[in-house]
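As structure tokens, the structure follows; a few thoughts come after it.
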Amino acid sequence: MMIRSVGAVALFLILAPGAGRAQESEGFTWENATEVSYVSTGGNASTTTFGLKGTLEGESGPNQLKLEVGGVRASSDVTTRRAVGSVGDFDVDKSVRSETTAESYFARGRYDRSLAVGFGFAGAGWERNTFSGIQNRYQVMGGFGRTFVDGDSGRFKADVGLTYTYQKDVAPTPGADDRFAGYRFSAEAVRALSETSRFQTELVLNNSISSSDDVRVDWLNSLSVAVNSTLALKTSLQLLWDNTPALISVPLETTGGTPTGTDVLTPSDGLDTVLTLTLVITI
């Protein structure tokens, strides 16, 4: 149900009324950017990777609203062949099954309000990454920040705030608290490299108040080159680091390789990297 809801919001962001121009509604000026990536291979090895991200931003005087939804899904077709008959006379049977090899989704929103000095913000978000052991993670946040540079050549701002997180893992850690308060720090920098290209970096650090070891870092770096006023090519590298990664279930075998029929829990990898090349459509 959650994935269907995210898909509906994504479709709204992509096909929002007034597509093709920024529009004003009750004093807000809106801009929509859609990032699409798709890779498919066929033949002896068949793989498909599809990524989609929609961003809707609105601004009205001191008020700013930002909504984002997206996801990435990769699958591979595994082909199994067997020969039946003799060496000189045989038939080949082939079976193909599809396996999902990567899948993650997210949805989040944030409201900023300019103050006499700096700005205040509040937001909420949801994410799912079952291959990293996260079934659902919900978070609400609020805090204050300041914009240090804001001009045609670049922008730099940072903020700090408090968070409250509810996390449900695919394989829950026995005795672990799935609800906890925390704090976060984020910084964003944008630099125009030329009239048609720009570099952007975003860093978000989350930490639990009850457990100082529970640190998560999301660092996104991207380089975009405009093709025209509507289209741009964007290369991004995202690093996701979790100091206390979620547990995943692994089948247990004997030292001789014989399955025991029992699963054990082990930490997933602490670092995920996501490298993408996308087409950005801005309307």
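The values are calculated or read from the model by the stated rules, or taken from the named source; none is laboratory data. None of these values were measured; they are calculated from a predicted model. When we count neighbours, we look across all protein chains shown, and the Cβ atoms used for this are built from the backbone with ideal geometry, even at glycine. Just so you know, the surface numbers come from the protein's heavy atoms only, side chains and all, with ligands and any DNA or RNA stripped out. Shrake-Rupley method; radii C 1.70, N 1.55, O 1.52, S 1.80 Å.
Can you say whether Ser75 is open to solvent by less than 40 Å² (accessible area, probe 1.4 Å), closer than 30 Å to Val264 by Cβ, touching a residue at least 24 places away in the same chain (Cβ under 8 Å) and of a type outside the set (Phe, Trp, Tyr), as far as the supplied structure shows? In short, yes. Taken over the range 99-109, residues that are surrounded by fewer than 17 Cβ atoms within 10 Å (Cβ to Cβ) and either without any contact (Cβ under 8 Å) to a residue 24 or more places away in the chain or closer than 18 Å to Met141 by Cβ (or both) amount to 2.
Among residues of the range 55-71 that are over 15 Å from Gly125 (Cβ atoms), those with a beta-carbon under 9 Å from a residue that is open to solvent by 30 Å² or more (accessible area, probe 1.4 Å) and part of a loop (DSSP other than H, G, I, E, B) at least six positions away or on a different chain give the pairs Ser60/Glu26; Ser60/Gly27; Gly61/Gly27; Pro62/Leu115; Asn63/Gly27. Only one of the numbered conditions (1) free of Cβ contacts under 8 Å to residues at least 12 places away in the same chain; (2) open to solvent by less than 50 Å² (accessible area, probe 1.4 Å) is not met by Gly125, and that is (1).
Does at least one position in the range 248-256 carry a residue that is closer than 30 Å to Tyr164 by Cβ, in contact (Cβ under 8 Å) with a residue 60 or more places away in the chain and touching a Leu at 6+ places or on another chain (Cβ under 9 Å)? Within the range 248-256, one or more residues are closer than 30 Å to Tyr164 by Cβ, in contact (Cβ under 8 Å) with a residue 60 or more places away in the chain and touching a Leu at 6+ places or on another chain (Cβ under 9 Å). I'm checking my understanding of the structure. Among residues of the range 88-145 that are acidic (Asp, Glu) and under 24 Å from Asp77 (Cα atoms), which one is farthest from the chain's Cα centre (by Cα)? This residue is Asp91. Applying the criterion of at least 1 residues that are under 30 Å from Tyr38 (Cα atoms) to the strands (runs of 3 or more DSSP E) found wholly in the range 194-273 leaves 197-208, 215-226, 231-242, 247-253. Please find, within the range 257-283, the residue that is surrounded by the most Cβ atoms within 10 Å (Cβ to Cβ) out of those that are of a type in the set (A, V, I, L, M, F, W, C) and in contact (Cβ under 8 Å) with a residue 60 or more places away in the chain. Ranking the candidates gives Val280 first. Summed over the range 174-199, the residues that are open to solvent by less than 50 Å² (accessible area, probe 1.4 Å) and basic (Lys, Arg) give a count of 1.
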